[in-house]
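As structure tokens, the structure follows; a few thoughts come after it.
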Amino acid sequence: MSAAPQPISTRATAVRATVQRPGVDAVREKGWWRASKWLLARRLTQFGILAVFLIGPWFGVWIVKGNLSSSLTLEILPLTDVFLLAQMLAAGQWPYREALLGGGIVLAFYLLVGGRTFCSWVCPVNLVTDAAAWLRRRLGLKGGKKPSAHTRYWLLAFVLVAAAVTGTLAWEWVNPVSMLHRGLIFGFGLAWGIVLAVFLYDLFIASRGWCGHLCPMGACYSLLGRVALARVSADKRRLCDDCMDCFAVCPEPQVIRPALKAAGQDHPLILDPNCTTCGRCVDVCSKDVFRITTRFDRSES
């Protein structure tokens, strides 16, 4: 008679389930709504912004003209991407007045709120990379080769140097953000090929590789996030049970440890400019360790 199979411990089962599906405990403890509220808010914002751009060319209702690089809202409010403006200046192309005004408005907003909030709350490529990260976890894919996190800053410098040397905005021809927008308007083509390449790179080669290690636009906005007002705090870090769900879902997991584990700092505030303030750590924590607050609130519960 064959021996009966050895039972798997409840703890081991829970750990494996948590690794595969971070946030399960949070849903059980807080309910689906509270365990998803920041994710839902981001998705509504991202799709809402895409919608106001697309209903013009799709349906002839022009609330916003242009794209995420440069736009005019209601024929009044100009907005210009700071990274695009930097390329124009590097290329020796003096921006027209509305572009400078729009760039100033965007610069002031992201200096105040946080540069990488563009990446998690506005950028449509975030939908692509989040989908790749979700599928990667579901398929149990591990490993991969990530470039240095400093690579994006080298690429940022390279893009600006290339603009200065060529006198053109060369990056805009391959910018996944612009290409995704064009693909939605004009249909299939090279645009979708670039977006697919980003998805496959994140899925099979480097988890969160594009946004976390390569994107020069993200590098530009992270530089703006050093003095940002909005911050995430691990103010109830004493309650942390080391489930690691926050690290599993965070697009920049290296920013968590100093605040959560008091590694190199005493206060629980995440001050790293690469934090995207996406709120996923708040959502998936069943112990409510995290909350979104301001950089002036360094209290600990």
Tally, over the stretch 213-248, of residues that are within 25 Å of LEU111 (Cα to Cα), open to solvent by less than 40 Å² (accessible area, probe 1.4 Å) and in a helix (DSSP H, G or I) = 11
Conditions: (1) more than 30 Å from ARG291 (Cβ to Cβ); (2) β-branched (Val, Ile, Thr); (3) surrounded by 22 or more Cβ atoms within 10 Å (Cβ to Cβ). ILE185 meets all but one. Number of the miss?
-> (3)
Reported set for the stretch 222-277 where residues are polar (S, T, N, Q) and farther than 24 Å from ALA132 by Cβ is SER233, GLN265
Total residues in the stretch 203-212, condition open to solvent by less than 30 Å² (accessible area, probe 1.4 Å) and over 23 Å from ARG257 (Cα atoms) = 1
TRP134 open to solvent by 40 Å² or more (accessible area, probe 1.4 Å), under 18 Å from PRO251 (Cβ atoms), aromatic (Phe, Trp, Tyr) and outside any loop (DSSP other than H, G, I, E, B) | yes
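For residues that are open to solvent by 50 Å² or more (accessible area, probe 1.4 Å), within 24 Å of PHE158 (Cα to Cα) and assigned to a loop (DSSP other than H, G, I, E, B), tally how many sit in the stretch 68-119. Break it down stepwise before answering.
Residues of the stretch 68-119 that are open to solvent by 50 Å² or more (accessible area, probe 1.4 Å), as a first pass: 72, 74-77, 79, 89, 92-94, 96-98, 100-101, 105, 107-109, 111-112.
Cutting the leftovers down to within 24 Å of PHE158 (Cα to Cα) gives us 89, 92-94, 100, 107, 111.
Checking the rest, the ones that are also assigned to a loop (DSSP other than H, G, I, E, B) come to 92-94.
So the answer is 3.
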Give the stretch 257-276 a look and list any residue that's closer than 19 Å to ARG116 by Cα and in contact (Cβ under 8 Å) with a residue 24 or more places away in the chain, or say none.
-> ALA259, LEU269, ILE270, LEU271, PRO273, ASN274, CYS275, THR276
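Checking the structure you have, find out if any residue of the stretch 158-173 is polar (S, T, N, Q) and either open to solvent by less than 50 Å² (accessible area, probe 1.4 Å) or free of Cβ contacts under 8 Å to residues at least 12 places away in the same chain (or both). Don't jump to the end; show me each part of the working.
Just the residues of the stretch 158-173 that are polar (S, T, N, Q), to begin with: 166, 168.
Now restrict to residues that are either open to solvent by less than 50 Å² (accessible area, probe 1.4 Å) or free of Cβ contacts under 8 Å to residues at least 12 places away in the same chain (or both): none.
The answer is no; no qualifying residue exists.
The values are calculated or read from the model by the stated rules, or taken from the named source; none is laboratory data. Please read these numbers as outputs of a predicted model, since none were measured by experiment. All Cβ positions, even for glycine, are placed from backbone atoms using ideal geometry, and neighbour counts span all protein chains on display. For the accessible areas, the whole protein counts, side chains as well, though only heavy atoms, and no ligand, DNA or RNA atoms are used. Shrake-Rupley method; radii C 1.70, N 1.55, O 1.52, S 1.80 Å.
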